[in-house]
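The values are calculated or read from the model by the stated rules, or taken from the named source; none is laboratory data. Remember, predicted model here, so these are calculated numbers, not experimental data. When we count neighbours, we look across all protein chains shown, and the Cβ atoms used for this are built from the backbone with ideal geometry, even at glycine. Side chains included, ligands, DNA and RNA excluded: accessible areas come from the protein's heavy atoms. Shrake-Rupley method; radii C 1.70, N 1.55, O 1.52, S 1.80 Å.
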Amino acid sequence: MKVVSLRYNFMQMEYNFQSIEQNWRKFWAENQTYKVEEDATKEKYYVLDMFPYPSGAGLHVGHPLGYIASDIFARYKRLKGFNVLHPMGYDSFGLPAEQYAIQTGQHPEKTTKENINRYRDQLDKIGFSFDWSREVKTSSPEYYKWTQWIFIELFNSYYCNTDKKAKPIAELVAIFDKKGNGGIDAVCDQEFDFTAEDWGNFSPSQQEAILQKYRLTYLADSWVNWCPALGTVLANDEVVNGVSERGGHPVEQKLMRQWSMRIKAYAERLLTGLDGLDWTESIKEIQRYWIGKSQGASVFFPLWKGIDGEDTVKIEVFTTRPDTIFGVNFLVLAPEHPLVAEITTEEFKTGVEEYKRLSSLKSERDRQSDVKNITGQKTGAKALHPFTGEEIDIWIADYVLASYGTGAVMAVPCGDQRDWDFATHFGIEIKNIFRDIDISTAAYVEKDAEIANSEFLNGLTAKAAIAKAVEAIEEKGFGKGKTNYRLRDAVFSRQRYWGEPFPVYYKNGLPQMIETAHLPVILPDVEKYLPTEDGQPPLGNATVWAWDTTANKVVSNELIDNKTIFPLELNTMPGWAGSSWYFLRYVDPLNTDTFADQSKIDYWKNVDLYIGGSEHATGHLLYARFWTKFLYDRGFIPFEEPFQKMINQGMILGRSSFVYRNAEGKIVSRGKLSGNETPIHVDISLVDNDKLDVAGFKDWRTDYATAEFVFEDDGTFICGSEVEKMSKSKYNVQTPDELVEKFGADTLRMYEMFLGPLEQSKPWDTKGINGVSNFLRKLWRLFNIDENGVAQLSKEAPSKENLKTLHKTIQKIQDDLDRFSFNTGVSNFMICVNELTEQKCDKHGILSELVVLISPFAPHIAEQLWVALGNEAGTVSRQQFPIFNPEYLAEASFGYPVSFNGKMRFKVDLDVALSAAEVEKIVMEMPETTKWLEGKAPKKVIVVPGRIVNIVL
RNA sequence: GCUCGAGUGGUGGAAUGGUAGACACGCCGGACUUAAAAUCCUGUGCUCUUUGGGGCGUGCGGGUUCAAGUCCCGCCUCGAGUACCA
């Protein structure tokens with residue numbers, strides 16, 4: 001033993017990861033090793049990471065987790081002979097940079113640039129195989145020129161329900177010119193009819209107002225989530241529990257004129273498209289829920305007496321339970337419903353006004369937390385039940401939402417708990433339409449009861465009754481069957497500075513698109529990044545922000561004459577604009593004529609593997625799917641789903657350390673706590689294995705310099721710990737840089753993978769990193785590298801045992817990678833190296849294949865060893881290797897069944913690659929088999945290739 | 001409340017219905033060393049034991065199966081999403 005260890009120390013070159021990694025980083029950059037081009041002779045594979053927002057805090061160890069996994073996969077695919085597109089960029093528009101700008105007056109572009117440089121620096125150290133020549137930044141004008149272009153295309157499109165796709169708005173206008181809008185089945189805000197003649201007589205602004213109801217992006221007054229603290233509106237996915245996702249500020253409802261995206265037009269396709277995607281069921285489920293399809297009917301309830309004899313006023317409600325229509329006791333409108341003011345009787349005017357005022361004051365959050373508080377107000381108006389002709393009261397209540405369905409419901413207290421609560425609270429009589437069901441204590445919401453008191457629906461249960469009710473409603477013209485979606489159109493305006501400017505100017509109050517040839521409209525400079533005094537968005541501060549329609553350029557505001565020079569839009573686009581199509585730009589990032597060259601798009605197509613967090617389920621992932629479908633409809637791209645397979649990596653949490661201060665101000669060790677101490681976060685760099693570096697702690701903060709300590713009995717100071725999100729303020733941030741410095745990038749890469757399943761959230765912990773570090777040193781030692789960096793290995797033929805170890809590993813690693821089990825992949829390498837060490841294997845043939853196999857995981861050491869084996873530098877990173885071909889193991893292998901277990905099944909060693917018939921023969925001739933069969937002939941013999949033999953009697 | 005996911009040693013975690021706990025950390029013991037570090041070796045689910053071995057073990061209770069961590073039914077706990085959606 002002693003001799004062996006001495007021999008290694010004297011003769012072997014140490015594994016010096018620092019110089020190795022530095023050299024290869026340089027080599028890869030200089031040789032552009034990872035640059036890819038279209039290559040028709042190779043199959044493409046597109047591996048993408050969700051690009052980061054470059055925040056000021058830099059990367060912590062959690063960020064690279066997904067990047068490492070995708071990098072391993074990209075490298076693996078390259079070894080298998082695929083032409084791999086693996087780019088990276090930055091989602092560089094966003095709130096933090098702007099808030100920093102407000103505080104410091106620095107241009108967000110400057111801080112963004114600094115942050116990007118820092119990110120790039122950190123990323124480079126981890127050995128990613130990104131093709132950096134394809135880098136995109138959403139905040140660069142060359143990029144957002146095409147974001148603006150997509151916006152214009154959306155503006156110039158409508159959604160045709162007949163063909164179930166988006167089409168140019170010009171085609172719609174042509175139809176209007178010819179025959180009006182009768183018979184057109186298109187997605188539209190409102191139902192109304194006009195003839196070709198009407199259309200011709202409308203003024204341009206009337207025409208435009210109509211078109212806005214069809215366009216896929218449109219300007220409309222809508223109820224939006226307004227966040228006063230951020231001074232901007234937010235999309236639904238940016239509001240969490242009634243507060244803003246960023247910063248946690250309260251959000252209220254406000255009616256504002258805003259750009260919106262007609263994503264609702266795509267609701268059905270966004271829903272059905274999920275079926276073909278290889279995503280986790282949970283993300284699909286979240287999207288399904290968010291889209292929220294429900295089938296039912298919309299029913300019109302005429303007013304009891306038309307206002308001033310007018311009999312056209314009808315309240316439209318949406319219900320999923322038309323079978324309960326005879327149980328309707330009253331109607332409820334949302335307080336914001338447009339008809340409320342109109343229908344309210346004199347007697348109830350003040351009450352209704354007051355109720356509307358109170359509910360408008362409530363924030364979204366109050367409205368949510370107030371669920372148990374039942375409120376409502378009678379309007380005095382009455383509607384007629386369409387079937388029975390009964391008079392029913394119309395109420396307003398804020399449990400009815402203006403933005404869902406029609407903003408009005410038919411209340412069926414016997415069959416809906418909320419209606420029941422409401423009726424009970426206000427002492428409204430409840431009609432029971434269920435046979436033998438007691439509804440005195442609660443509504444009956446199940447659908448299995450027999451319906452009674454309902455004329456033609458009597459005796460039916462829900463399913464049949466719904467169909468029959470819809471039939472009757474349609475037949476009598478009271479309404480029609482309808483599908484409703486919870487998904488709402490997405491607000492697209494933000495009252496911010498640091499975002500894409502709209503390519504829009506206003507002529508007579510009507511929005512005009514700037515022609516593509518004159519894009520991009522570049523974000524102007526402003527003095528202040530805050531809203532203007534009169535409440536305009538920050539772009540209201542810009543002095544050069546008007547559009548000259550003759551020169552086609554941005555000019556000074558002073559020149560605005562509304563004849564040839566017009567004001568430009570003051571809002572900017574939301575953060576998700578740029579990220580909704582960036583995967584397309586990577587394909588051809590420098591193109592100035594189009595968003596990407598058609599032939600390149602045709603070659604690379606959509607993303608094969610997308611890795612990122614699941615927090616984007618209802619935001620980015622939905623919007624990107626929407627835009628992709630739109631671009632597909634309009635013939636710009638040949639696919640309609642952007643991300644075929646997706647893996648969601650879990651969050652890496654921080655492990656915070658605490659010291660405890662007692663009432664006397666002493667700092668107490670964990671073992672000496674009495675329970676009355678206050679925990680204080682302490683920087684984790686001062687703590688090793690829960691042991692505090694007391695001297696360092698005293699230096700850390702001046703107020704601790706003279707602190708008194710209560711130590712453990714053995715004189716050490718032990719910290720407490722807790723798992724929390726990694727954050728600067730908790731002093732628990734571990735940067736990858738320190739670990740790369742200390743252990744090397746290859747160790748970091750493998751350790752992050754070794755931590756556990758990729759999808760799982762887990763606390764960061766460096767306890768086990770030595771294990772990986774030892775493993776790489778062991779691997780290095782196997783190669784017996786001499787002073788000149790050359791591997792001293794035997795050219796002898798490998799032993800059967802050597803081959804078995806290698807082939808088993810090749811098989812397992814492929815299995816692991818194909819099911820994205822990177823952690824077991826690392827383990828299998830460890831097993832392999834342990835076995836080869838034990839076998840004292842120094843065979844060139846075995847070890848060179850091992851290097852290839854391990855290169856996706858630990859590319860730096862693999863390159864070094866590859867060269868040490870006498871190969872050309874850089875080739876292991878790009879070349880195709882036959883060890884991954886299915887034929888390889890079949891040809892090279894030898895196998896035999898190893899274990900007999902149970903009565904009918906044989907587990908066979910993994911590296912068996914004999915044909916099924918051969919395995920069957922061997923197994924059938926085994927003494928155990930013969931004994932078990934007792935002379936009977938088996939009915940069936942199932943051989944799972946190379947794995948398991950089942951014998952069925 | 002509803003929907004989805006997960007519960008395995010001291011720890012992170014392996015395991016296609018087929019020898020549960022691979023691999024790693026940690027720990028115990030040993031070798032080498034003046035010493036430390038590094039390295040290497042042995043052991044390590046719990047438990048009983050006459051040291052041969054035996055019993056019990058994958059949140060709980062049932063079931064299917066020759067065989068269940070894995071499949072089915074009912075609970076418990078934790079996590080995620082969502083929340084008056086008519």
Condition broken by A:PHE636, with the remaining ones in (1) part of a loop (DSSP other than H, G, I, E, B); (2) open to solvent by less than 30 Å² (accessible area, probe 1.4 Å); (3) more than 26 Å from A:LYS77 (Cβ to Cβ) satisfied
(2)
Spot the failing condition for A:GLY407; the list is (1) under 18 Å from A:LYS314 (Cα atoms); (2) more than 7 Å from RNA strand B (Cβ to nearest atom); (3) of a type outside the set (Asp, Glu), and only one is missed.
(2)
Output the residues belonging to the range A:700-738 that are surrounded by 14 or more Cβ atoms within 10 Å (Cβ to Cβ), aliphatic (A, V, I, L, M) and over 26 Å from A:ILE68 (Cα atoms).
A:ALA707, A:VAL710, A:ILE718
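Quick one: how many residues across the range A:698-757 are assigned to a strand (DSSP E or B) and hydroxyl-bearing (Ser, Thr, Tyr)? Steps first, answer last, please.
Our first condition is that a residue be assigned to a strand (DSSP E or B); within the range A:698-757, this holds for A:709-710, A:718, A:720-724.
Next, only the ones that are hydroxyl-bearing (Ser, Thr, Tyr) stay: A:721.
Number satisfying all stated conditions: 1.
Residue by residue, here is whether (1) farther than 24 Å from A:GLU153 by Cβ; (2) exposed (fewer than 14 other Cβ atoms within 10 Å of the Cβ); (3) away from RNA strand B (no atom under 16 Å from the Cβ); (4) under 33 Å from the mean Cα position of the chain (by Cα) holds:
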site: A:ILE473; (1), (2), (3), (4): yes, no, no, no
site: A:GLY477; (1), (2), (3), (4): yes, yes, yes, no
site: A:GLY481; (1), (2), (3), (4): yes, no, no, no
site: A:ARG488; (1), (2), (3), (4): no, no, no, yes
site: A:GLN495; (1), (2), (3), (4): yes, no, yes, yes
site: A:LEU510; (1), (2), (3), (4): no, no, yes, no
site: A:ASP525; (1), (2), (3), (4): yes, yes, yes, yes
How many residues are outside any strand (DSSP E or B) and either at pLDDT 90 or above or under 18 Å from A:ALA267 (Cα atoms) (or both) if we restrict to the range A:607-633?
18
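Every residue, every condition in (1) away from RNA strand B (no atom under 16 Å from the Cβ); (2) in contact with a strand residue (DSSP E or B) (Cβ under 9 Å, 6 or more places away or on another chain); (3) among the hydroxyl-bearing types (Ser, Thr, Tyr); (4) in contact (Cβ under 8 Å) with a residue 60 or more places away in the chain, yes or no:
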{"residue": "A:ASN834", "(1), (2), (3), (4)": "no, no, no, no"}
{"residue": "A:GLU838", "(1), (2), (3), (4)": "no, no, no, no"}
{"residue": "A:VAL851", "(1), (2), (3), (4)": "yes, no, no, no"}
{"residue": "A:GLU863", "(1), (2), (3), (4)": "yes, no, no, yes"}
Scanning the range A:665-683 for residues that are hydroxyl-bearing (Ser, Thr, Tyr) and not in a strand (DSSP E or B), the one most open to solvent (accessible area, probe 1.4 Å) turns out to be A:SER674
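Collect the residues in the range A:544-559 that are open to solvent by 60 Å² or more (accessible area, probe 1.4 Å) and either of a type in the set (A, V, I, L, M, F, W, C) or assigned to a loop (DSSP other than H, G, I, E, B) (or both), keeping them in residue-number order. Walk me through it before giving the result.
So the first thing to find is which residues in the range A:544-559 are open to solvent by 60 Å² or more (accessible area, probe 1.4 Å), and the list is A:544, A:550, A:553, A:558-559.
The answer is A:VAL544, A:THR550, A:LEU559.
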Just for the range A:231-264: of the residues that are among the β-branched types (Val, Ile, Thr) and more than 14 Å from RNA strand B (Cβ to nearest atom), which one is farthest from A:LYS362 (Cα to Cα)?
A:ILE263
Could you check the range A:761-818 and list, in sequence order, the residues that are in a helix (DSSP H, G or I), more than 38 Å from the chain's Cα centre (by Cα), hydrophobic (A, V, I, L, M, F, W, C) and away from RNA strand B (no atom under 15 Å from the Cβ)?
A:LEU803, A:LEU806
Of the conditions (1) under 29 Å from A:TYR159 (Cβ atoms); (2) of a type outside the set (D, E, K, R); (3) open to solvent by less than 20 Å² (accessible area, probe 1.4 Å), A:TYR506 clears all except one; give me its number.
(3)
With respect to A:GLY825, is the statement that it is within 12 Å of RNA strand B (Cβ to nearest atom) and open to solvent by less than 20 Å² (accessible area, probe 1.4 Å) true?
yes
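Can you tell me how many residues in the range A:615-672 are under 30 Å from A:ALA705 (Cβ atoms) and not hydrophobic (A, V, I, L, M, F, W, C)?
Summing the residues that are under 30 Å from A:ALA705 (Cβ atoms) and not hydrophobic (A, V, I, L, M, F, W, C) in the range A:615-672 gives 14.
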The range A:623-656 - residue that is in contact with a Phe, Trp or Tyr (Cβ under 7 Å, 6 or more places away or on another chain) and within 12 Å of RNA strand B (Cβ to nearest atom) and, of those, farthest from A:TRP279 (Cα to Cα)
A:ARG655
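Filter the range A:413-427 for residues that are in a loop (DSSP other than H, G, I, E, B) and either surrounded by fewer than 17 Cβ atoms within 10 Å (Cβ to Cβ) or within 7 Å of RNA strand B (Cβ to nearest atom) (or both) and give the result.
Step one: of the range A:413-427, the residues in a loop (DSSP other than H, G, I, E, B) are A:413-416, A:426-427.
A:ASP416, A:PHE426, A:GLY427 - these are the residues of the range A:413-427 that are in a loop (DSSP other than H, G, I, E, B) and either surrounded by fewer than 17 Cβ atoms within 10 Å (Cβ to Cβ) or within 7 Å of RNA strand B (Cβ to nearest atom) (or both).
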Taking A:ALA397 and the conditions (1) within 15 Å of RNA strand B (Cβ to nearest atom); (2) touching an Asp or Glu at 6+ places or on another chain (Cβ under 6 Å), which numbered condition does it fall short on, given that it satisfies the others?
(2)
Is one or more of the residues making up the range A:114-137 open to solvent by 40 Å² or more (accessible area, probe 1.4 Å), without any contact (Cβ under 8 Å) to a residue 60 or more places away in the chain and polar (S, T, N, Q)?
yes
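Listed here are the residues, each with its yes/no results for (1) in a strand (DSSP E or B); (2) over 22 Å from A:SER493 (Cα atoms); (3) open to solvent by 30 Å² or more (accessible area, probe 1.4 Å).
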position: A:TYR159; (1), (2), (3): yes, no, no
position: A:ALA170; (1), (2), (3): no, yes, yes
position: A:ALA174; (1), (2), (3): no, yes, yes
position: A:ASP198; (1), (2), (3): no, yes, yes
position: A:ALA220; (1), (2), (3): yes, no, no
position: A:ASN225; (1), (2), (3): yes, no, no
position: A:VAL233; (1), (2), (3): yes, no, no
position: A:GLY247; (1), (2), (3): no, no, yes
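Residues in the range A:270-279: is at least one surrounded by 15 or more Cβ atoms within 10 Å (Cβ to Cβ) and either within 9 Å of RNA strand B (Cβ to nearest atom) or of a type in the set (Lys, Arg) (or both)?
Let us first name the residues in the range A:270-279 that are surrounded by 15 or more Cβ atoms within 10 Å (Cβ to Cβ), namely A:270-271, A:273-274, A:277, A:279.
Now narrow it down to the ones that are either within 9 Å of RNA strand B (Cβ to nearest atom) or of a type in the set (Lys, Arg) (or both): none.
No, the range A:270-279 contains no residue that is surrounded by 15 or more Cβ atoms within 10 Å (Cβ to Cβ) and either within 9 Å of RNA strand B (Cβ to nearest atom) or of a type in the set (Lys, Arg) (or both).
Select from the range A:451-467 the residues that are part of a helix (DSSP H, G or I), more than 29 Å from A:TYR266 (Cα to Cα) and either among the polar types (S, T, N, Q) or open to solvent by 70 Å² or more (accessible area, probe 1.4 Å) (or both) and list them in ascending order. Break it down stepwise before answering.
Going through the range A:451-467, the residues part of a helix (DSSP H, G or I) turn out to be A:455-457, A:462-467.
If we keep only those that are more than 29 Å from A:TYR266 (Cα to Cα) as well, we get A:455-457, A:462, A:464-465.
Once the filter is applied, which keeps residues that are part of a helix (DSSP H, G or I), more than 29 Å from A:TYR266 (Cα to Cα) and either among the polar types (S, T, N, Q) or open to solvent by 70 Å² or more (accessible area, probe 1.4 Å) (or both), the range A:451-467 yields only A:GLU455.
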Select the helices (runs of 4 or more DSSP H) contained entirely in the range A:1-110, then report the ones holding at least 2 residues which are at pLDDT 95 or above and among the aliphatic types (A, V, I, L, M).
A:64-79
Filter the range A:369-399 down to residues that are closer than 21 Å to A:GLY242 by Cβ, of a type in the set (A, V, I, L, M) and at pLDDT below 90, then give me how many there are.
2
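Against the definition (of a type outside the set (Val, Ile, Thr), closer than 23 Å to A:GLU336 by Cβ, over 44 Å from the mean Cα position of the chain (by Cα) and within 16 Å of RNA strand B (Cβ to nearest atom)), how does A:ALA402 come out, yes or no? If you could, list the steps in order and put the result at the bottom.
Values: of a type outside the set (Val, Ile, Thr): yes; closer than 23 Å to A:GLU336 by Cβ: yes; over 44 Å from the mean Cα position of the chain (by Cα): no; within 16 Å of RNA strand B (Cβ to nearest atom): yes.
Here the answer is no, as A:ALA402 does not meet what is asked.
Give the residues of the range A:754-792 that are of a type in the set (A, V, I, L, M, F, W, C) and either without any contact (Cβ under 8 Å) to a residue 12 or more places away in the chain or open to solvent by 30 Å² or more (accessible area, probe 1.4 Å) (or both), sorted by residue number. Walk me through it before giving the result.
Step one: of the range A:754-792, the residues of a type in the set (A, V, I, L, M, F, W, C) are A:754-755, A:758, A:764, A:769, A:772, A:775-776, A:779-780, A:782-783, A:785, A:790-791.
Of everything in the range A:754-792, those that are of a type in the set (A, V, I, L, M, F, W, C) and either without any contact (Cβ under 8 Å) to a residue 12 or more places away in the chain or open to solvent by 30 Å² or more (accessible area, probe 1.4 Å) (or both) turn out to be A:PHE754, A:LEU755, A:VAL790.
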